[in-house]
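Single-structure report; data block below.
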Amino acid sequence: MQNQYMSDKKRIIIFDTTMRDGEQSPGATMSLEEKIQIARCFDELGIDVIEAGFPIASPGDFEAVTEISKVLKKSIPAGLSRATKKDIDACKDSLKHAKRFRIHTFISTSPLHMKHKLNKSPEEVLGLIKESVTYASKFTDDVEWSCEDGTRTDLDFMCKSVELAIKCGAKTINIPDTVGYSVPSEFKKIIETLVNKVPNIDKAILSTHCHNDLGLAVANSLAGVMAGARQIECTINGIGERAGNAALEEVVMAMRTRNDLMPYSTGINTRLLSKASKIVSNATGFPVQFNKAIVGKNAFAHESGIHQDGMLKNRNTYEIMTPESVGVKKTSLVMGKHSGRHAFRDKLSDMGYVDVTDDIIDIAFGKFKVLADKKKHVYDEDIAALVDDSLIKEDNLIKLKSLKVFAGTGEPQKAIMKLEVMGEVKEATESGDGPVDAIFKCIKKLYPHEVNLQLYNVHAVTEGTDAQATVSIRIEENGKTTVGQAANTDTLVASADAYLNALNKLIIKRKKTAPEPMDLSGSKYVREKDGTI
């Protein structure tokens, strides 16, 4: 791949790290099944390299990288490693099923990190670069090396490090702005310096990996490309540690929309960006902010009268790209209680739900008719929420049969609930500090269990007091984490359904056999999380 892209000076490699750096967002842990679903979507999206995880981190990470490497058809799987043989061996072993794979190894190079994190001298760091890159090159000709905290690294030392890494076999050199410290002019200068001062730089592809602590991750990435970088490391929805990473959808659409200033191309099928955004949001339980560029709900919404008038005359007056180009419909077809099954099916097809089974359509259509009796307008977002809610593949062992909630001032908050638990209908009444607390107490009484509630999030699918509420819940038990989601015009019903969705997933996880311990030269794949790019 390197030879092909090095000859095409306008082709930008898209390196996605949603499942590695993105998963390091607090609370964004994804299950193996969710990661495989994301990997298949990314493969279809046209991402060049998918960083599937940090294999040495845990048996779960090792298994995820292994399984993802098996399902990818076009994308190249990659694993991250520190500058140690044990880490590199873990990458090699987890990726061995792939026809092609990349080992991505890194070490800190800034004075701050070398002194306080690594406790090593610059000479010792150079020695580790030589040893790790040379060792990784024994297993693949696709080795990437990164200088962690690159934007706070002395430029002369960076040039020396980069030259050494290339000499030892690195085909991609990544410059991380690990703490989101840089600004575009500075980041551009770093890339230009490497291009001009490293004698063997023509034998490698330069890459950017920018964090968003100052809101400049996308701007810095594009500045790097304009200075000579030909790979961008990014994540869907911009998720990642702290303030996140450069958003894949933003860098791709920026280059496509402003091709006059940035005449570069990618292999991304942009019409699938909205779909990818939704899948990642559902897996992590992190909703996409309404005003998020490209994939946010309001990205193509126009409320101002002046804007609406301009749009009616010529859509280019207030839209610099078409919503269809990222897989979003420009307007919502208003559907109501008189709409039929055929119209509903056609609507789903227009929205991109082309592989939905008849059973799911029947379930979603039934929910749609109930919703249409409650709401004046049913929007695309409402329908998407109904279908997504119906696409839960696990067989629910616990089902909500009925729910009554008593709330208000002066009286205890109380819930009366009926659940079908493993085929048996049970009823409970509980009081709580609020209606949601009372609901969750009912569930715990009817199906005794102890979990940690890590996330409870409610957001409206559409506008108005009759809007559907989508509730996201994350629970944890003995290190196992599951995310449940549900949508309903009744927020309390959605809360109960979301909790049960997460609980049903947890029950299924309990039944799965834990992976066997994996050894490398007598050492288990377990490490201390002492630093990442």
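Where a number appears in this text, it was derived from the coordinates with a stated rule and is not lab data. These numbers come from a predicted model, not from an experiment. Neighbour counts are summed over all protein chains in view; Cβ atoms, including those assigned to glycine, are modelled from backbone coordinates with ideal geometry.
Here are a few things to note about the model shown:
- Modelled FRET efficiency - R0 45 Å, residue 424 with residue 337, Cβ distances, 0.05 increments: 0.80
- For the chain, the Kirkwood radius over C-alpha pairs fed into Stokes-Einstein at 10 °C and 1.306 mPa s yields D = 64 µm² per second.
- Converting phi to 3J(HN,Hα) with the Karplus coefficients 6.51, -1.76 and 1.60 and the offset θ = phi - 60°, the range 238-246 yields x, 6, x, 4, 6, 8, x, 10, 4 Hz in sequence order, with x at every glycine or proline.
- Considering only 349, 449, 151, the residue lying farthest towards the positive end of the dipole of the chain is 349, judged by Cα position with unit charges set on Cβ.
- Sorted by Cβ density within 10 Å, fewest first, the residues 147, 91: 147, 91
- Straight-distance crosslink candidates among lysines, where the alpha carbon sits under 23 Å from residue 337 and sequence neighbours closer than 8 are dropped: 329, 347, 367, 369, 374, 375, 376
- Among beta bridges that DSSP assigns inside the range 2-284, antiparallel share in %, nearest 5: 5
- Between the residues 94, 365, 279, the greatest Cα displacement towards the positive end of the dipole of the chain, with unit charges on the Cβ of Lys, Arg, Asp and Glu, is found for 94.
- Karplus-based coupling profile of the range 127-142, in residue order and whole Hz: x, 5, 4, 4, 5, 6, 5, 4, 5, 4, 5, 6, 9, 7, 8, 10, with θ = phi - 60° in 6.51 cos²θ - 1.76 cosθ + 1.60 and x standing for Gly or Pro.
- Square roots of 5 times each gyration tensor eigenvalue, C-alpha, the range 1-72, largest first, Å: 25, 12, 12
- For residue 482, the amide hydrogen comes within under 5 Å of the amide hydrogens of 475, counting only partners 5 or more places away or on other chains and with H modelled in the peptide plane.
- Each part reduced to its alpha carbon centroid, the range 467-506 and the range 170-199 end up 43 Å apart.
- The chain: relative contact order as a whole-number percent, Cα under 8 Å and 6+ apart: 12
- Loop exposure criterion: GluC sites (Glu not before Pro), DSSP state outside H, G, I, E and B, at most 11 other Cβ atoms within 10 Å. Applied to the chain, the longest stretch between such sites is 1-302.
- Under-5 Å amide H pairs with residue 378, H placed in peptide plane, nonlocal only: 335
- Rounded to the nearest 20 debye, the dipole size of the chain about its Cα centre is 640 debye, using +1 on the Cβ of Lys and Arg and -1 on the Cβ of Asp and Glu.
- Gyration tensor (alpha-carbon) shape descriptor, the range 2-284, a/c threshold 1.5: rounded
- Additional length obtainable on full extension of the chain from residue 401 to residue 325, 0.36 nm per residue less Cα span: 23.2 nm
- Under-5 Å amide H pairs with residue 76, H placed in peptide plane, nonlocal only: 49, 50
- Sequence of 292, 117 once ranked by neighbouring C-beta atoms within 10 Å, starting from the fewest: 117, 292
- Footprinting exposure proxy for 342, 211, 449 (fewest neighbouring C-beta atoms within 10 Å first): 342, 449, 211
- With θ taken as phi - 60° and the Karplus curve 6.51 cos²θ - 1.76 cosθ + 1.60 applied, the whole-hertz 3J(HN,Hα) list for the range 471-478 is 10, 10, 10, 10, 10, 9, 9, 6 Hz, x standing for glycine and proline.
- Cross-link partners of residue 73 among lysines (Cα-Cα below 16 Å; sequence separation of 8 or more within a chain): 35, 96, 99
- Cross-link partners for residue 444 among the aspartates and glutamates, with Cα-Cα distance under 17 Å and sequence neighbours closer than 8 places in the same chain left out: 420, 424, 427, 430, 433, 476, 477, 497.
- Furthest towards positive pole of dipole, 224, 266, 247, structure part the range 189-295, Cβ charges: 266
- The range 251-301 and the range 124-140 have Cα centres separated by 36 Å.
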